[in-house]
Amino acid sequence: MYPMIRLLFLGTLLFMTSCKVKEGTSEPLEYQGPLREADDVDMLHSENDRVRIKLKAKKIIEFKNGDREFPEGLYLEFYDPQGKLTSSLKANNAYYFKKENQWRGRGKVEVKNMEKHQQLNTEELFWNPATKKIFTEKFVTINMQTEVIYGTGLDALQDLSTYTIKKPEGDFEIKD
């Protein structure tokens, strides 16, 4: 009987030494996923009691750092101080970089100037709300009432009232 107790004691001792709890060896993981999500969003931005920008999106994902993703696209409308619709921007998907206060639209990106009947199309476009400018290094097409301008690279005001195409192509009229 004595050897049986000894074997049981040895087995218990071996079991207890193999089950040690390790403390303080790893840092807790910080959650990197979305902070919140919203579906079917309509947002308004106003200045001096007038709507200046309308935003529509099927889905918005907001992250801890303030960045926002629009994986199913977005649609923006821009209004002048009198409340008249001046231009619009549409993209298949978009991303807002909070730190830079800058937006990026990708996929089929379209900007329209309602007053001049112009339309810009490109595959990627950046917008800075503080400067009210849009820009890209990608290929662009600008459709006007009487002509079409092609080129690579663009710097413009958000309503397309003035713009510069960095490498223009095609036939177009130059006015003095």
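The values are calculated or read from the model by the stated rules, or taken from the named source; none is laboratory data. The structure displayed is predicted, hence computed values, not measured ones. Backbone-built Cβ (ideal geometry, glycine too); neighbour counts: all protein chains shown.
A few comments on the model shown:
- Residue within the range 63-83 that is of a type in the set (Ser, Thr, Tyr), modelled with pLDDT under 95 and either surrounded by 13 or more Cβ atoms within 10 Å (Cβ to Cβ) or in contact with a Ser or Thr (Cβ under 7 Å, 6 or more places away or on another chain) (or both) present: yes
- Of the criteria (1) over 29 Å from Met144 (Cβ atoms); (2) surrounded by 19 or more Cβ atoms within 10 Å (Cβ to Cβ), which one Leu89 fails: (1)
- If you check Lys112, Lys98 for being of a type outside the set (S, T, N, Q) and farther than 21 Å from Lys138 by Cα, only one passes: Lys98.
- Leading residue by the ranking (modelled with the highest pLDDT) among those in the range 127-176 that are closer than 28 Å to Asp80 by Cβ, assigned to a loop (DSSP other than H, G, I, E, B) and among the acidic types (Asp, Glu): Glu147
- Of the strands (runs of 3 or more DSSP E) lying entirely inside the range 34-118, the ones with 2 or more residues being in contact (Cβ under 8 Å) with a residue 12 or more places away in the chain and over 12 Å from the mean Cα position of the chain (by Cα) are found at 36-47, 50-62, 74-79, 85-91, 102-113.
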